[in-house]
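These notes are about the structure you will find just below.
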Amino acid sequence: MTPYLETADVTKRYEGVHALDRVNIAAHLGQVTTIVGVNGAGKTSLLKILAGLDTPSAGRILIQGHESSQDELRAHCTMVFQRSVMFGSNVYNNVAYGLNTGGIPRQDVSSRVKSALALVNLEGFEKRSARKLSSGEQQRVAIARALALERDVLLVDEATANLDPANAMIIERAIKDSARSRAVLLSTHNLSQARGLSDRLVHLYKGRVVEEGDSSRFFASPSDERTKLFINGELQF
């Protein structure tokens with residue numbers, strides 16, 4: 001089966017430093033692909049490139065087998081950051097923002113906002129000030145804003161870092177549910193989360209893919225010694 005989204009030798013250099021070095025990964029519709037690794041491994045750099053928010057120094061990104069431009073990536077993908085920005089308005093307007101700028105009919109906007117808020121357990125929050133919500137609630141608004149766009153690829157960068165367990169659980173459930181109709185790529189260093197959410201895992205270390213496989217094999221019998229150390233909490237930076 002052809003992956004919906006894949007990279008071909010994607011490389012990213014910052015002032016001579018390889019943030020990513022010939023990275024090859026694939027993501028399929030209906031699956032959560034989780035990118036794990038220590039801080040500085042290149043996880044965020046990779047997701048930003050896939051979202052069309054940055055350009056690779058070398059390599060290609062393909063959608064359904066065809067090389068894609070930044071504009072095409074932005075049309076197919078949306079990204080949620082670890083720290084999301086709330087606009088100075090209510091929750092409804094924050095979730096509807098991308099739909100309104102995209103020319104979606106008002107009736108459809110309302111329906112999609114309502115559905116997205118339901119996925120993150122924020123029904124009834126429409127008129128609340130987004131900036132006055134807790135950090136966990138704001139992150140749920142950010143997830144809803146991304147889901148309302150109904151893009152084929154959802155990119156999530158450490159979305160539950162520093163959140164309380166209740167908000168993290170709601171976000172994890174929304175991510176898992178959303179994967180039924182799209183490809184999800186999630187970055188995390190939380191191995192418990194990775195184990196519970198993932199269909200496939202990719203281990204990035206110093207910008208390189210050192211391990212990739214389905215969830216059960218990845219945790220039960222990793223082939224790379226660095227992945228074994230990472231799973232055991234022994235991998236040094």
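Each value in this text was obtained by applying a stated rule to the coordinates, not by laboratory testing. Since the model is a prediction, treat every value here as computed from it, not as a measurement. Note: ideal-geometry Cβ built from the backbone for every residue, glycine included; neighbour counts use all protein chains shown.
At a glance:
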{"quantity": "Global form of the chain, assessed from the alpha-carbon gyration tensor, a/c cut-off 1.5", "calculated": "prolate"}
{"quantity": "Whole-Å semi-axes of the ellipsoid equivalent to the range 66-171 (Cα gyration tensor, √5λ, descending)", "calculated": "22, 18, 11"}
{"quantity": "DSSP beta bridges in the range 57-215 [antiparallel fraction, %, rounded to 5]", "calculated": "50"}
{"quantity": "³J(HN,Hα) computed for each position of the range 68-80 - Karplus, 6.51 cos²θ - 1.76 cosθ + 1.60, integer Hz, glycine/proline x", "calculated": "10, 7, 4, 4, 5, 5, 5, 6, 9, 10, 9, 10, 10"}
{"quantity": "Between 0 and 90°, nearest 10: helix 106-119 axis offset from the chain longest Cα axis", "calculated": "60"}
{"quantity": "3J(HN,Hα) from dihedral phi, the range 94-104, Karplus parametrisation 6.51/-1.76/1.60, rounded to Hz, x for glycine, proline", "calculated": "5, 6, 7, 3, x, 6, 5, 6, x, x, 6"}
{"quantity": "For the chain, built as a Gaussian network whose Cα springs stay under 10 Å, the top-fluctuating residue of VAL36, VAL113, VAL17", "calculated": "VAL17"}
{"quantity": "Theoretical FRET efficiency, 1/(1+(r/R0)^6), r = Cβ-Cβ of ASP9 and ARG173, R0 35 Å, to 0.05", "calculated": "0.50"}
{"quantity": "Cα gyration tensor shape of the range 149-204, rounded if a/c is under 1.5, else prolate or oblate by comparing a/b with b/c", "calculated": "oblate"}
{"quantity": "Under-19-angstrom lysine pairs by C-alpha in the chain, whenever the two are 8 or more apart or on separate chains", "calculated": "9"}
{"quantity": "Förster-model FRET efficiency, 22 Å R0, ARG74 and LYS206, C-beta, rounded to 0.05", "calculated": "0.20"}
{"quantity": "Sum of -39500 (n - 2.57) over DSSP H runs of 4+, divided by residues of the chain (222 nm, nearest 500)", "calculated": "-11000 deg cm²/dmol"}
{"quantity": "Two-decimal ratio, the range 1-130, of alpha-carbon radius of gyration to 2.2 N^0.38 Å", "calculated": "1.24"}
{"quantity": "Average silhouette area of the range 34-79, convex hull of alpha-carbon atoms, in square nanometres", "calculated": "3.6"}
{"quantity": "Estimated FRET transfer efficiency when R0 is 22 angstrom, pair LYS127-ALA166 (beta carbons, to 0.05)", "calculated": "0.45"}
{"quantity": "Percent antiparallel among DSSP beta bridges (both partners in the range 145-220, rounded to 5)", "calculated": "55"}
{"quantity": "For the chain, built as a Gaussian network whose Cα springs stay under 10 Å, the top-fluctuating residue of SER84, SER134, SER178", "calculated": "SER134"}
{"quantity": "Amide H within-cut-off set for LEU20, under 5 Å, with H built and near neighbours excluded", "calculated": "LYS12"}
{"quantity": "Among ARG128, ARG60, ARG83, residue whose mean-square fluctuation peaks in a GNM of the chain (springs only between Cα atoms under 10 Å)", "calculated": "ARG128"}
{"quantity": "Part-to-part distance (alpha-carbon centres) for the range 149-215 and the range 20-59, which is given in Å", "calculated": "12"}
{"quantity": "Centre separation in Å (Cα based) which lies between the range 92-117 and the range 69-86", "calculated": "16"}
